[in-house]
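The next block holds one structure in the form of C-alpha cells; read it before the comments.
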Amino acid sequence: MNATTQPRRLGAALEAVRHRGSKALVPYVMLGDPDLQTSLAVARAMAAAGADALELGLPFSDPLADGPVIQAAGQRALRGGFRVADALTALRDLRGSLSCPLALMTYVNPVLQHGYGAFVADAAAAGADGLIVPDLPLEESGSLGDACRAVGMDLVLFVAPTSTDPRIAAVARAASGFIYCVSVAGVTGARSDTLDRVPATVGRVRAHTDLPLLVGFGINSFEKAARAAAVADGVIVASWIVQAVADLGAQVAPEERAALAGRMVGAIRAGLDGR
Amino acid sequence: MAATTGSRTGGPDALGRFGSYGGQYVPETVMPALRELEDAFAAALADPAFHGELNGLLRDYVGRPTPLWHASRLSSRLPQGVRVYLKREDLCHTGAHKINNALGQALLCRRMGKTRVIAETGAGQHGVATATAAALFGLSCRVYMGRQDMERQALNVFRMRLLGTEVVQVDAGTATLKDALGEAIRDWVASVETTHYILGTAAGMHPYPWMVRELQAVIGREARAQVLEAERRLPEAAVACVGGGSNAIGLFAPFIPDAGVRLFGVEAAGHGLHTGMHAASLTAGRPGVLHGSLSYVLQDADGQVLNAHSISAGLDYPGVGPEHSALKDTGRATYLACTDAQALEGMRLLAETEGIIPALESAHAVGALPEICAGLPEGAVVVVCVSGRGDKDMPQVARIMGGGGKP
C-alpha cells in the first residue's frame, strides 16, 4: 500500500535526512507538562536546535508502555487540566511556526473515545503528520491505519526485540512513515546499560523494508544515541530530556526549561553529526 | 476422567473478542508472548495429562469440590420464598476462588519453561493464591499491590511475604487494583522472556479473559451438578459479585446455555452511583480500552480512566472483563450495583443467619439478594457464589462497625 502512495511529510523528511547521510533526531515533549505554554516553548526550542521531527505526547491516565518519567509527565499534564482539545490547539500553534513533521503520541482510548475518523481528521487538520499509539499492535491497527491514510497521516508501527520474523515482516508490509524499533524489552526510560539487541532488531527489520527505522526507549546518553543511530536511521529521545527538564523544579521559568531542552537536543544533534 | 476446564460456552473469536469486546491492546513487546500463551493453553486443554494434574491439585490441595450449602435461614429472610444455595468458594485453600486460576496458570508456566511469575492483586486474595502456587511449584514470585490496598488488606500482605513472595507497593494513581495491574503489565513488558504473568481476573488482554474463565468454570460446573442433585432442576438465578469478574464468569459460564437460568452480576456502587464514588463499570461506564482490552470502563469524555471507589479492594476497579460487557449487551446477564452500606449489611446478614462471614467482595452478592429475589418467581432456586471468606476484612470492618459488630 505505502509503496504506491506518495511519501507524506513524516516519511519524506526522515528519508531526506537519510539521503544526505545524516541521522534523524526525534525528541519528545509531553503536551501540557506542566502547562501548555511551557510544553510549546520546549517543542519550539527542540525544533530550533535541530530536531528532524517532534514527538508530541498526548497524556493518558494509564500508559502501559511508559516508565516512571513519562507517567509522571502525563500525570502533571492531566492534573493541570489538559484536554484532548488542547492537543489540537498545540498542533495548530506549532504547525504555524515550524516546518518539521509533528507526530502525536498517545494511547488508543483517547483516540477511540473521539472516534478514530474524527480524531485523525481533527489532528491532521491541526497539523499532525503522524500518530504513534504504543498499545495498538499490528492486529488491532487496521481501522485506525485506514483512517490515518484517508487524511494523509502516517500511523507508526512498532517492532521490539521480542518480535518474531513473521511479525516483523507483517509490520513492515503495513507500516508507513517510519518503523519505531524498541531498543529493549521494556517500557520507556528503561535503564539498560547496553543496547546489545538493537543491531539484531534493526537488521531483522531492515531485511523487510526500506522505510526509515528509528530506535527509541532508554536512549539516555550521547553515547547510546550515537550507538543506536549508527545501526539505524535515527533515534527518538524522550525520558532523558523530560526528566532533565522536570529536575529543574516547578519554580523555573518556561524559557529556562525550553533552553535546557534545546541545549540537550543541540548536543545530541552534534553528537550524531560527529561534531 | 472429568475435564477440569471447559465452560459449555463459546470461546472468543480468533482476535480474542467476545462480540465486539476484548482484543489485545498491548505493546508489541508482549504480543509474541500472548501468542505463545494462547498456544500453550490450547495445547494444555487438549492434553489429558494437564487435566489430570490440575484435577489432582484441585481435589487434594484446594479441597474441591467445594460444597453447595442450602442457606435456609438466609432464605427465610428474603422475598418470594426463595431457596438460596451458597457455592462455598470461601472454603478453598487460601480462602477464595482465586486459587483455581492461579494453580492452572502455574502449571502452564511450568509447561512453558518459565521460572518466574508476577501478579497484581487488589484484596490480596489473588496475590496470596499466586504466592501459594509459586511456593508449591518452586517459582520465583513478585506481586504488585496498591499502597492503599496494602494498608486495608495488611493481613494478606503478610501472608504473601510468609509464602516467600516479594510484594511491591504501587503508589501511582489511586494506589489500588487499577494501578497494580498497570504496573504488573509494565513489569511483564520488561520480563516477558523469562516470566509468566498470572493475571487474576477475567479482564485484560486476550487470552487472559478466556483462560481465566476456563480455569474458573469449575465453580459453575460443580454448582450446576450440585444444584441439579439437590433440587432435581436448574436454578432460576445465579448471582455473583463483579469486579474484573472472574468468580462471576466462572459461575455463569456453564449456565450460559441454560436459557432459563437468569445470571446476575453485582458491581460495587461504593457510596452510591449518584456520588461518582463507585466501581460500577458496567452499570455506569461506557466501552473503552483499559489494560489491553475493549470493555466497559469508567472514564471521562476524553477517555481518561476515572478513579473507582469501593469498600472492597477486590472490586475497586474501573474496568471489567470483556465477556461481561458482551453478556450485558446481549442481555444474557443482568448487572446491578450494591453500595458499601448494603454490602456490609449483606456481610452481617450472612454471618447472623448462616454462620458464614463472607469477604467484602462476596458480601456485595449477598447484599443485592433482596433486590434480585424480589424480581424472581415464588419459590425460585438461587445459586450465590461466596467467592471468598471474610477473615482478611475483619480489621477494616471492625473499624467501621465498631467493636460490637454493630454499624
(request) Could you rank the peptides A:233-239, A:32-38 by their average count of other C-beta atoms within 10 Å per residue, with the highest value first? (result) A:233-239, A:32-38
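So, counting K/R as plus one and D/E as minus one, what does the shell of residues with Cβ under 9 Å around A:ALA49 add up to?
Result for the neighbourhood of A:ALA49: +2.
Just check region B:270-407 against the gyration tensor rule for me: Cα atoms, a ≥ b ≥ c as the square roots of the eigenvalues, rounded for a/c under 1.5, and otherwise prolate or oblate depending on whether a/b exceeds b/c.
Details: a/c = 2.21, a/b = 1.37, b/c = 1.61.
Oblate, since a/c reaches 1.5 and b/c is not below a/b.
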(request) Mind giving me the FRET efficiency for B:ARG116 and B:GLU378? R0 is 56 Å, r the Cβ-Cβ distance, nearest 0.05 is fine. (result) 0.55
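Within 10 Å of each Cβ in B:353-359, how many Cβ atoms from other chains are there, averaged over the peptide? Mind dumping the intermediate values first?
On the way: counts 0, 0, 0, 0, 0, 0, 0.
Neighbouring Cβ atoms belonging to other protein chains average 0 per residue here.
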(request) Express in Å², to the nearest 10, the accessible area of A:GLU139 obtained by rolling a 1.4 Å probe over the protein heavy atoms while all chains stay in place. (result) 80
(request) Alpha carbons only, please: Rg and Dmax for chain B, in angstrom. (result) 19.2, 56
(request) Would you work out if region B:129-196 is rounded, prolate or oblate? Take a ≥ b ≥ c from the square roots of the eigenvalues of the alpha-carbon gyration tensor; rounded if a/c is under 1.5, else prolate when a/b is larger than b/c, oblate otherwise. (result) oblate
(message) Looking at chain A as a GNM with Cα springs under 10 Å, which of A:GLN243, A:GLN113, A:GLN251 has the largest mean-square fluctuation?
(response) A:GLN251
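With a 1.4 Å probe on protein heavy atoms only, work out how much accessible surface B and A bury together, total over both chains, in Å² to the nearest 100. List each step's numbers first, then the result.
Working: alone 14180 and 11180 Å², together 22530 Å².
Interface between B and A: roughly 2800 Å².
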(request) Just need the relative contact order of chain A here, percent rounded to a whole number, with Cα pairs under 8 Å and 6+ apart. (result) 25
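Considering only the other residues whose Cβ falls under 15 Å of the Cβ of A:HIS114, what net charge follows from Lys and Arg at +1 and Asp and Glu at -1? The partial results should precede the final answer.
Working: positive: A:ARG83, B:ARG286; negative: A:ASP86, A:ASP122, B:ASP300, B:ASP302.
Result for the neighbourhood of A:HIS114: -2.
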(message) Using +1 at the C-beta of Lys and Arg and -1 at the C-beta of Asp and Glu, which of A:ALA13, A:PRO166, B:VAL239 has the Cα lying farthest in the positive direction of the dipole of the protein assembly as shown?
(response) A:PRO166
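Per-residue Cβ counts within 10 Å, from other chains only, averaged over B:301-312: what number is that?
4
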(request) Distance between Cα centroids, region A:197-273 to region A:113-134: provide it in whole Å. (result) 24
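Relative contact order of region B:134-198: what whole-number percent is it, with Cα pairs under 8 angstrom and at least 6 residues apart? Don't skip to the answer; put the middle values down first.
Values: 72 pairs, mean separation 22.3, N = 65.
Relative contact order here is 34 percent.
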(request) Determine ³J(HN,Hα), in whole Hz, for all residues of region A:262-271 in sequence, where each value follows from phi through the Karplus function 6.51 cos²θ - 1.76 cosθ + 1.60 and θ = phi - 60°; x replaces Gly and Pro. (result) x, 4, 5, 4, x, 5, 5, 4, 4, x
(request) Kindly tabulate the residues in region A:73-89 with an accessible-area decrease of at least 40 Å² between the chain alone and the assembly of all protein chains, using a probe of 1.4 Å. (result) A:ARG83
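Please compute one quarter of the surface area of the Cα convex hull for the protein assembly as shown and express it in square nanometres. Mind dumping the intermediate values first?
Working: hull surface 115.8 nm².
Mean shadow area of the hull around the Cα atoms is 29.0 nm².
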(message) Please check region A:127-152 for residues whose accessible area, probe 1.4 Å, is lower by 20 Å² or more when all protein chains are in place than in their chain alone.
(response) A:PRO134, A:ASP135, A:PRO137, A:GLU139, A:GLU140
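Using only the Cα atoms of region A:163-265, what semi-axes does the equivalent ellipsoid have when each is the square root of 5 times a gyration tensor eigenvalue? Give whole Å, largest first. Numbers along the way, then the final one.
Details: eigenvalues 181, 37, 27 Å².
In descending order the semi-axes read 30, 14, 12 Å.
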(request) Could you pull the Cα extents of region A:39-126 along its three principal axes, largest to smallest, in whole Å? (result) 32, 31, 22
(message) With θ taken as phi - 60° and the coefficients 6.51, -1.76 and 1.60, list the Karplus ³J(HN,Hα) couplings across region A:91-101 in order, rounded to whole Hz; mark glycine and proline as x.
(response) 4, 4, 4, 5, 4, x, 10, 10, 9, 6, x
(message) Kirkwood hydrodynamic radius, computed over distinct alpha-carbon pairs, for region A:64-180: how many Å, to one decimal?
(response) 15.1
(request) Could you tell me what percent of the accessible area of region B:113-214 is made up of carbon and sulfur, with a 1.4 Å probe and every protein chain present? (result) 54
(message) What are the equivalent ellipsoid semi-axes of region A:227-275, built from the alpha-carbon gyration tensor (square roots of five times its eigenvalues), in whole angstrom, biggest first?
(response) 25, 11, 6
(request) Take the alpha-carbon centre of region B:253-269, take the same for region B:115-133, and report the distance between them in whole Å. (result) 27
(request) Mind telling me which of A:ALA118, A:ALA47, A:ALA228 comes out most flexible in a GNM of chain A, alpha-carbon contacts under 10 Å? (result) A:ALA118
(message) Output wanted: per-residue J couplings in Hz (rounded whole) for region A:80-88, from phi through Karplus 6.51 cos²θ - 1.76 cosθ + 1.60, θ = phi - 60°, x for Gly and Pro.
(response) x, x, 4, 10, 4, 4, 5, 5, 5
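Determine the alpha carbon to alpha carbon distance for each of A:LYS23/B:LYS178; B:LYS87/B:LYS114; B:LYS114/B:LYS178; B:LYS98/B:LYS328; B:LYS114/B:LYS328 and list only those over 28 Å. Present the calculation step by step, with values, prior to reporting the outcome.
On the way: A:LYS23/B:LYS178 40 Å; B:LYS87/B:LYS114 34 Å; B:LYS114/B:LYS178 26 Å; B:LYS98/B:LYS328 23 Å; B:LYS114/B:LYS328 37 Å.
In this structure, A:LYS23/B:LYS178; B:LYS87/B:LYS114; B:LYS114/B:LYS328 lie more than 28 Å apart at Cα.
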(request) Using Cα centres only, tell me the gap between region B:275-311 and region A:3-82 in whole Å. (result) 28
(message) 5 Å is the cut-off here: which amide hydrogens, built 1.01 Å from N in the peptide plane, fall below it relative to A:ARG83, excluding neighbours closer than 5 in sequence?
(response) none
(message) Using a probe radius of 1.4 Å on heavy atoms only, what accessible surface per residue do you get for the protein assembly as shown? Whole Å² is fine.
(response) 33
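Ratio to report: Rg/Rh of region B:1-115, with Cα atoms as the point set and Rh obtained by the Kirkwood method; give two decimals.
1.08
Within 10 Å of each Cβ of B:185-194, how many other protein chain Cβ atoms are there on average? Present the calculation step by step, with values, prior to reporting the outcome.
On the way: counts 5, 10, 2, 2, 13, 8, 2, 4, 3, 1.
Mean shielding count: 5.
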(message) Checking buried surface per residue: for region B:25-44, which residues lose a minimum of 10 Å² accessible area in the protein assembly relative to the chain alone (1.4 Å probe)?
(response) B:TYR25, B:VAL26, B:PRO27, B:GLU28, B:THR29, B:MET31, B:PRO32
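So, counting K/R as plus one and D/E as minus one, what does the shell of residues with Cβ under 14 Å around A:LEU272 add up to? Each step should come with its number before you reach the end.
Numbers: positive: A:ARG18, A:ARG20, A:LYS23, A:LYS224, A:ARG227, A:ARG269, A:ARG275; negative: A:ASP52, A:GLU223, A:ASP233, A:ASP273.
For residues surrounding A:LEU272, the net value is +3.
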(request) Starting from the Kirkwood radius over alpha-carbon pairs of region B:72-222, derive D by Stokes-Einstein at 25 °C in a medium of 0.890 mPa s and give it in µm² s⁻¹. (result) 153
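Restricting to Cα pairs below 8 Å that are 6+ residues apart, what does the relative contact order work out to for chain B? Please round to a whole percent. Present the calculation step by step, with values, prior to reporting the outcome.
Numbers: 931 pairs, mean separation 84.2, N = 407.
Across chain B, relative contact order equals 21 percent.
The values are calculated or read from the model by the stated rules, or taken from the named source; none is laboratory data. If you're wondering where the values come from, they're calculated on a predicted model, not measured in any experiment. A quick note on method: Cβ atoms are made from the backbone with ideal geometry, for glycine too, and the neighbour counts reach across all protein chains shown. The accessibility values were calculated without ligands, DNA or RNA, using every heavy atom of the protein model including side chains. Shrake-Rupley method; radii C 1.70, N 1.55, O 1.52, S 1.80 Å.
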